[in-house]
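Notes follow the structure.
The values are calculated or read from the model by the stated rules, or taken from the named source; none is laboratory data. For clarity, every value in this text was computed on a predicted model and none was experimentally measured. Virtual Cβ from ideal backbone geometry, glycine too; neighbours counted across all protein chains shown. Note: areas computed on protein heavy atoms with side chains; ligands, DNA, RNA excluded. Shrake-Rupley method; radii C 1.70, N 1.55, O 1.52, S 1.80 Å.
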Amino acid sequence: MPELPEVETIARTLAGDLEGAVFENIEVRHICALEQPPEGFAKRLRGRRILSVGRRGKLLLLLLDGGYLFACHLRMTGRLYVPQPDDTPDNHTHLVFTLRRPDGRTFPLFYRDVRKFGACRVHTPEELACWPFYATLGPEPLAMSAADLAARLANKRGRIKAVLLDQKVVAGLGNIYVDEALFRAGIRPDAIPASLSRKRVARLHNAIQEVLQEAIAGCGSSIRDYVDGRGNAGSFQNSFRVYGRAGQPCTVCNTPLVKATIAGRTTVYCPHCQQK
DNA sequence: GTGGCCCTGTGA
DNA sequence: TCACAGGGCCAC
């Protein structure tokens, strides 16, 4: 579900509530939500203060005192949020945390995941570095230069869409924003990276940064499940130019947008505006 | 590389 | 009833 803009929005909206708060209680209602034994998970969290809330790629990260890191990958339907008073845990609420603010008041934090693909873990930095997914994450797209991107694409086989979805190449892009960035860059999703001119890679780099920044400004995209750290939906789904618009006219040239499958994912593009 | 799989819900 | 869904991993 959440790609970089959604995770960034979750981190920003959680920060105000979570930073400075202490994990007082951890209720594990379903162990599917954990990548490690529940006892160790709870033991490591209990009594620990949250220093900051951030992310790396699509991974949500809470920096804790004692050098521990709470890492949460929401995958497709995961949510980590501070519930409204009338929101009670249901069958999909797998973790219920109780946090204590510096002023002594307590509040709940829910981890909910309908499809159970997501998971949380608490690690030391050394342990985190041993986690292959984390250790091999590519650069942050918003902190990457056009030359960085060009260098990363230079010797890649396969189609550009599949390459951009690879978190080892760039961290944080998913199905929505790859399609949107390729449209803005005028590049067909089945183009071969090595065949792209320097100029077109620069245009792609610009398109990636532009679409991610706009999506963050819009607080992410809510198709069905995504909500931020306070349970609110995003708005960038209203600005999609290709994602979910197969068969509809291109916003630029009116040509009907085409649907294809690339890297096992539904892909939408304009056969006129986007070229190999 | 591609396809299947993990899992549940939704909409055609 | 079936196809499909913001992801990532593993076996062909």
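Note on chain A: helix-only mean residue ellipticity at 222 nm, from DSSP H runs of 4+ residues weighted -39500 (n - 2.57) and normalised by residue number, equals -8000 deg cm²/dmol. In straight-distance terms, cross-link reach from A:Lys161 covers every one of the lysines whose alpha-carbon lies under 23 Å from its own, apart from those fewer than eight places away in the same chain; here that gives A:Lys58, A:Lys199, A:Lys259, A:Lys276.
Helix A:4-18 and the longest principal axis of the Cα set of chain A meet at an angle near 20°. Projected label points at A:Val114 and A:Ala154, each 7 Å from Cα along the beta carbon direction, are separated by 4.5 nanometres. Between A:Asn206, A:Asn91, A:Asn25, the GNM of chain A built on Cα springs shorter than 10 angstrom shows A:Asn91 fluctuating the most. Across the range A:165-183, the residues whose backbone nitrogen lies under 19 Å from the label position 7 Å along the beta-carbon direction of A:Asn206 are A:178-183.
Taking every Cα-Cα distance in the range A:141-269 and sorting them into 10 Å bins from zero, the calculated P(r) comes out as 13, 44, 34, 9, 0 percent. FRET efficiency for the pair A:Ala143 and A:Lys43, taken as 1/(1 + (r/R0)^6) with r the Cβ-Cβ distance and R0 = 45 Å, rounds to 0.85. The Rg/Rh ratio of chain A, with both radii computed over alpha carbons and Rh defined as the Kirkwood radius, is 1.01.
Compute the FRET efficiency between A:Thr88 and A:Gln248 as 1/(1 + (r/R0)^6), taking r as their Cβ-Cβ distance and R0 = 45 Å, and round to the nearest 0.05. The pair A:Thr88/A:Gln248 has a calculated efficiency of 0.70.
Between 0 and 90 degrees, the angle of helix A:175-185 with respect to the longest Cα principal axis of chain A falls at about 40 degrees. If R0 is taken as 22 Å, the Cβ-Cβ distance between A:Cys32 and A:Arg101 corresponds to a FRET efficiency of 0.15. For the range A:4-135, the convex hull drawn through the C-alpha positions has a volume of 98 cubic angstrom per residue.
Only Cα pairs under 8 Å and 6+ residues apart enter the sum, and on that basis the relative contact order of chain A stands at 20 percent. Our coupling estimate for the range A:99-104, obtained by passing each phi through the Karplus curve with A = 6.51, B = -1.76, C = 1.60 and θ = phi - 60°, is 10, 10, 6, x, 7, x Hz, Gly and Pro reported as x. What separates the Cα centres of the range A:39-100 and the range A:187-207 is a distance of 37 Å. In summary, the lysines within cross-link reach of A:Lys43, defined as a Cα separation below 23 angstrom excluding same-chain residues under 8 places away, comprise A:Lys116.
At a probe radius of 1.4 angstrom, the accessible area of chain A per residue rounds to 44 square angstrom. The mean sequence separation of alpha-carbon pairs under 8 Å and at least six residues apart, normalised by the residue count of the range A:141-269, gives a relative contact order of 23 percent.
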